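Read the structure below first, then the notes.
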Amino acid sequence: MLIVFGGLPGTGKTTLAQLLARRLWATYLRVDAIESGLIAAGLAADQAGVGTAGYVVANRVADSCLHAGLDVVVDAVNPVEVARQGWRELATDAGVPLLFVEVVCADRERHRRQVEQRSSDLAGWAVPDWQAVVDREYEPWQGDRLVIDNVGDPDPLVGRIAAAAAARSG
């Protein structure tokens with residue numbers, strides 16, 4: 001199964017995706033970590049120069065994992081439809097069920113606090129400030145997805161996502 005998280009920075013995608021991957025014993029792919037690695041390897045000058053490379057690498061690694069029979073959880077903003085379409089095509093090509101999970105924080109002030117209080121856990125990787133999050137291109141989702149308003153205890157939310165994944169995988 002392919003489970004793809006999306007949502008603006010600071011909504012809690014990484015926390016939920018990591019907890020879900022642990023619960024399912026799935027491969028966890030974080031696009032920020034891949035992009036950070038591309039910069040560290042000298043393949044991109046900085047975060048702005050990474051472009052779509054992180055998504056392309058994540059897609060190829062996910063493909064390898066799916067073909068090895070592993071479930072995959074992808075942690076990424078997935079801000080544009082073309083990125084989301086790449087995951088749809090991968091799931092179709094690999095013959096696996098796909099679950100999109102869009103993580104939101106409907107409480108704007110809480111979202112702002114979360115963005116302002118976080119720091120990067122990746123060497124050389126800068127998290128966006130609130131203005132960058134507000135200004136970020138983020139296209140409306142098309143098609144089926146599970147929307148999670150990430151407020152409060154993550155455990156029930158992870159349970160809800162795991163149940164949706166189980167229902168998809170039959």
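Details
- Restricting segment 131-151 to residues that are without any contact (Cβ under 8 Å) to a residue 40 or more places away in the chain and closer than 15 Å to Val104 by Cα, the residue that is surrounded by the fewest Cβ atoms within 10 Å (Cβ to Cβ) is Pro140.
- Of the residues in segment 53-60, at least one is crowded, with 21+ Cβ neighbours inside 10 Å, more than 23 Å from Ala165 (Cα to Cα) and of a type in the set (Gly, Ala, Ser).
- Some residue of segment 110-123 being crowded, with 16+ Cβ neighbours inside 10 Å, modelled with pLDDT of 95 or more, among the hydrophobic types (A, V, I, L, M, F, W, C) and within 16 Å of Leu8 (Cβ to Cβ): no
- Segment 157-170 - residue that is touching a strand residue (DSSP E or B) at 6+ places or on another chain (Cβ under 8 Å) and modelled with pLDDT of 95 or more and, of those, surrounded by the most Cβ atoms within 10 Å (Cβ to Cβ): Ile161
- Matching entry among Pro128, Pro154 (being under 25 Å from Val82 (Cβ atoms) and surrounded by 16 or more Cβ atoms within 10 Å (Cβ to Cβ)): Pro128
- Pair list, Cβ under 9 Å, 6 or more apart: segment 5-16 residue farther than 14 Å from Val133 by Cα and in contact (Cβ under 8 Å) with a residue 40 or more places away in the chain, other residue among the acidic types (Asp, Glu) and assigned to a loop (DSSP other than H, G, I, E, B): Thr14/Asp121
- Gly10 surrounded by 22 or more Cβ atoms within 10 Å (Cβ to Cβ), farther than 11 Å from Val74 by Cβ and touching a Lys or Arg at 6+ places or on another chain (Cβ under 8 Å): yes
- For segment 115-127, the condition holds for no residue, the condition being that it is in contact (Cβ under 8 Å) with a residue 24 or more places away in the chain, of a type in the set (Phe, Trp, Tyr) and within 19 Å of Val4 (Cβ to Cβ).
The values are calculated or read from the model by the stated rules, or taken from the named source; none is laboratory data. Bear in mind the structure is a predicted one, so any value in this text is a computation, not a measurement. Here the Cβ is made from the backbone with ideal geometry for all residues, glycine too, and neighbour counts use every protein chain on show.
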